[in-house]
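The block underneath contains the structure these notes are about, expressed in structure tokens.
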Amino acid sequence: MKKVGVAILGLGVVGGGTYKILRDHAEAYRTNHKLDITIECVLEQRRERIAELGIADDVVCSSIAEVVSNPDVDIVVEVMGGVDPARSYVLAALKAGKSVVTSNKELYCKYGYELEETAKKHNCGLFYEATCVGGVPIIRTLLDNLQGNEISSIMGIINGTTNYVLTKMSSEGMSYEDALSRAQSLGFAEKDPASDVEGYDAVYKLSILSSLAFHTKITYDRIYREGINNVSPVDIKFGRQLGYVMKLLAIAKNTHSGIEVRVHPAFIRADHPLSSVIDNYNAVYLSGDCVGEFMLYGLGAGEYPTASAVVGDIIYCASHLNYNYSPFCNTEHCTAKISDNFESSYYIRVEAEDKSGVLSKIASVLSRQGISVARVVQDDAGKGAVPMILVTHPTRENSVKKAVEEINESSSGAKVMSIIRVVN
Ligand code: HSE
């Protein structure tokens with residue numbers, strides 16, 4: 001039986017879940033894995049949380065120095081979130097020769113280079129399955145199972161909060177504000193919901209996943225980002241009439257003109273596998289040259305799903321002496337060629353005066369930009385300005401931006417109210 005000592009930094013939602021899983025499954029790990037995993041210490045200041053979890057006082061530490069100087073601690077689990085003080089705590093643990101398991105996507109995304117270099121230097125493991133898509137085992141799938149492939153694209157619903165909000169707005173007609181506050185009360189939204197709704201959470205995850213998939217380094221600041229905070233119920237409704245479902249998608253594609261990396265609301269066809277991913281569920285849809293297309297699906301947030309990934313890493317770390325570090329070119333800076341002028345179809349909603357010649361003016365602007373229109377729908381419900389929806393064939397982002405500018409600046413009698421990318 002191998003004895004393994006664990007320290008947990010932070011007893012929030014994920015820390016508490018990790019504590020409970022290790023406590024409740026201890027016997028199974030002894031039987032199945034021949035691992036005697038003991039929680040040697042926890043670092044948490046909130047006395048009421050410690051009492052709520054029934055943790056004995058002698059297990060509670062008051063400083064990181066106390067944790068890393070404990071010779072019985074082999075693995076430090078960082079589930080605090082944020083960069084400070086998590087970064088200095090993780091570095092202190094690695095420098096003391098402790099392996100680290102983290103769920104902290106922002107930390108790994110921004111400082112993964114520094115952490116991995118430190119881990120290698122001190123011959124420690126660094127595990128981060130829980131940073132991306134909670135209980136869905138995407139990191140190890142990329143690190144191990146798919147190494148024989150050249151991956152050409154990743155498309156994912158990788159934020160549970162925004163998927164929940166869009167699902168409720170779309171299927172129950174709930175307001176954005178009500179859906180968001182319900183997501184917060186269910187416990188899977190971030191403390192600061194801006195990270196979810198403005199797309200930062202998904203950007204951090206996509207930075208990690210696309211770097212792994214394409215064996216390069218794609219820093220989060222190179223990823224195009226648009227959140228769901230400006231999504232209009234009107235577009236969700238028109239999209240449904242056209243057979244589309246709106247999702248916040250994270251997309252990474254390895255194309256001839258460079259790597260496309262973006263997070264934004266998008267329409268997908270109602271028969272696409274990702275359209276059935278509802279509520280707070282997540283999914284990652286991948287394409288590899290050998291494996292073909294496949295999808296991993298499950299809960300990407302919450303106490304037990306995320307703690308499941310943390311505990312999986314603890315067991316993996318405890319059972320493997322040779323750590324496998326990320327197989328991407330591990331530099332601090334983005335070395336990949338990023339293409340911002342990506343190709344997509346577009347849904348364009350304009351408010352147009354309902355009179356002769358307006359449509360032809362719009363059509364000639366689009367034609368000048370080489371944009372071909374696949375569908376046009378005009379809502380005849382109102383008088384004066386009426387909504388008109390145009391769906392384009394695949395075209396380039398820059399052409400659409402120029403066309404929108406030209407329509408809005410001209411006296412065409414039309415104004416573009418929204419554009420949404422459509423995934424074919
Ligand atoms: N707030 C995140 C989500 C949870 O809603 O998916 C973990 O990243």
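Helix content alone sets the calculated 222 nm mean residue ellipticity of the chain: runs of n ≥ 4 DSSP H residues at -39500 (n - 2.57) each, divided across all residues, give -10500 deg cm²/dmol. Here each label is just a point 7 Å from Cα along the line to Cβ, and for Lys402 and Glu52 those points are 5.6 nm apart. Let me know the shape class of the range 70-118, please: from the alpha-carbon gyration tensor, a ≥ b ≥ c as square roots of the eigenvalues, rounded when a/c is under 1.5, otherwise prolate if a/b is greater than b/c, or oblate. Prolate. Close amide-amide hydrogen proximity is noted between Ala301 and Gly135, each under 5 Å apart and 5 or more residues distant or on a separate chain (H modeled in the peptide plane; Pro and chain starts excluded).
In the context of the full set of protein chains, residues of the range 29-85 present 53 Å² of accessible surface per residue (probe radius 1.4 Å, heavy atoms only). Measuring max minus min along each principal axis, the C-alpha atoms of the range 1-141 give extents of 36, 33, 30 Å (largest first).
Looking at the chain, the pairs of alpha carbons with a distance over 40 Å make up 25% of the total. For the range 271-403, a simple Cβ point-charge model (Lys and Arg +1, Asp and Glu -1, everything else neutral) yields a dipole of about 720 debye relative to the Cα centre.
Couplings for the range 128-136, taken from phi via the Karplus curve 6.51 cos²θ - 1.76 cosθ + 1.60 with θ = phi - 60°, read 9, 3, 6, 6, 10, 6, x, x, 8 Hz in order; Gly and Pro are left as x. Computed on protein heavy atoms with a 1.4 Å probe, the accessible areas place Asp235, Asp144 in the order Asp144, Asp235, largest first.
Within the shell of other residues whose beta carbon sits under 12 angstrom from the beta carbon of Ile151, the net charge comes to -2, with Lys and Arg scored +1 and Asp and Glu -1. In the context of the full protein assembly, Met80 retains an accessible surface of approximately 60 Å², using a probe radius of 1.4 Å and ignoring ligands and nucleic acids.
Taking every alpha-carbon pair within the range 3-85, the share separated by more than 16 Å comes to 50 percent.
Relative contact order of the range 279-424, taken over Cα pairs closer than 8 Å and 6 or more residues apart, is 25 percent.
Note on surface exposure: Lys3, Lys168, Lys121, Lys253 rank Lys121, Lys3, Lys253, Lys168 by accessible area, highest first, 1.4 Å probe.
Here the chain has 49 percent of its accessible surface on carbon and sulfur atoms, given a 1.4 Å probe and all protein chains in place. As a length-normalised measure over Cα pairs under 8 Å and 6 or more apart, the relative contact order of the chain settles at 16 percent. Diagonalising the gyration tensor over the Cα atoms of the range 271-397 and scaling each eigenvalue by 5 before taking the square root yields semi-axes of 47, 21, 13 Å, largest first.
A 1.4 Å probe run over the protein chains yields, for the range 131-266, 36 Å² of accessible area per residue, whole-number rounding.
Remark: the range 357-424 carries a charge dipole of roughly 120 debye about the Cα centre, counting +1 on each Lys and Arg Cβ and -1 on each Asp and Glu Cβ. The listed peptides 122-129, 8-15, ordered by packing as a protection proxy, come out as 8-15, 122-129 (highest mean of other Cβ atoms within 10 Å first).
Relative contact order, whole percent, for the range 10-103 stands at 27, derived from Cα pairs under 8 Å and 6 or more residues apart. Considering only Ser326, Val291, Asn280, and ranking their Cα positions along the charge dipole of the range 270-345 that arises from unit charges at the beta-carbon of Lys, Arg, Asp and Glu, the one farthest toward the positive end is Ser326. Between the amide H of Leu249 and those of His264, Ala266, distances stay under 5 Å, these residues lying 5 or more places away or on another chain, with hydrogens modeled in the peptide plane.
The values are calculated or read from the model by the stated rules, or taken from the named source; none is laboratory data. What you see is a predicted model; the values in this text were computed from it and never measured. A quick note on method: Cβ atoms are made from the backbone with ideal geometry, for glycine too, and the neighbour counts reach across all protein chains shown. For accessibility, only protein heavy atoms count, side chains too; no ligands or nucleic acids. Shrake-Rupley method; radii C 1.70, N 1.55, O 1.52, S 1.80 Å.
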